[in-house]
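A quick write-up on the structure given underneath.
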Amino acid sequence: MEKNEILNSHWAVRSSAAGNPNTPADTLVELSKDSEWVVRRSAAGNPNIPGYTPSDEEFIVTETYVAIKGTNHLWYKHNYPNVAPFYTYGCFCGSREQLISRIYSINNLSIDPAVRMRILNALDQKFKEIFRR
């Protein structure tokens, strides 16, 4: 989508664009002035917005997982030998692709997907740092 299309879209579309790490900085600046608070919040948390400062995430690190405080639950990324890394939080257990699908599910939109994607990306980054995979 082009900048004007995004800015003239429904607030949910604007919020998703504001949280998307591929959205250009100039569009994020405009979205940070949006009339909807959820759009402004998503834009403020996007690493591409000028002046972005990452939040201090709280991690738990063990021999077999990294966890991070999520929106309602701790989110875990597990590291076991001979098994692909997998995620758990609440009643969810599965792959990254399944988790992303759940994040963007129509039944799960009470919390901004951009917020959950930032949690997931922080968890992935810390996991890679710790387990080198």
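Couple of notes before you dig in:
- Top-ranked residue in the stretch 95-119 [being surrounded by 13 or more Cβ atoms within 10 Å (Cβ to Cβ) and in contact with a strand residue (DSSP E or B) (Cβ under 7 Å, 6 or more places away or on another chain); ranked as nearest to Tyr52 (Cα to Cα)]: Ile119
- When the stretch 37-65 is filtered for residues that are of a type in the set (A, V, I, L, M) and in a strand (DSSP E or B), the ones remaining, listed by number, are Ile60, Val61.
- Residue that is most open to solvent (accessible area, probe 1.4 Å) [pool: residues in the stretch 37-88 that are in contact with a Phe, Trp or Tyr (Cβ under 8 Å, 6 or more places away or on another chain), without any contact (Cβ under 8 Å) to a residue 60 or more places away in the chain and among the β-branched types (Val, Ile, Thr)]: Thr64
- Counted residues, the stretch 48-60 - those being modelled with pLDDT of 80 or more and under 26 Å from His73 (Cα atoms): 4
- Test result for Leu99, under 20 Å from Pro21 (Cα atoms), touching a residue at least 40 places away in the same chain (Cβ under 8 Å) and not in a loop (DSSP other than H, G, I, E, B): no
- Selection of the stretch 104-131 for residues being part of a helix (DSSP H, G or I), of a type in the set (A, V, I, L, M, F, W, C), at pLDDT below 85 and within 14 Å of the chain's Cα centre (by Cα) yields Ala114, Val115.
- Top-ranked residue of the stretch 1-36 - restricted to ones that are in a helix (DSSP H, G or I), modelled with pLDDT of 85 or more and open to solvent by 80 Å² or more (accessible area, probe 1.4 Å), ranked as nearest to Tyr52 (Cα to Cα): Asp26
The values are calculated or read from the model by the stated rules, or taken from the named source; none is laboratory data. Because the structure is predicted, anything quoted here is derived from the model rather than measured. Cβ atoms come from the backbone with ideal geometry, glycine included; neighbour counts cover every protein chain shown. We work out accessible area using only protein heavy atoms, side chains counted, and drop any ligands, DNA or RNA first. Shrake-Rupley method; radii C 1.70, N 1.55, O 1.52, S 1.80 Å.
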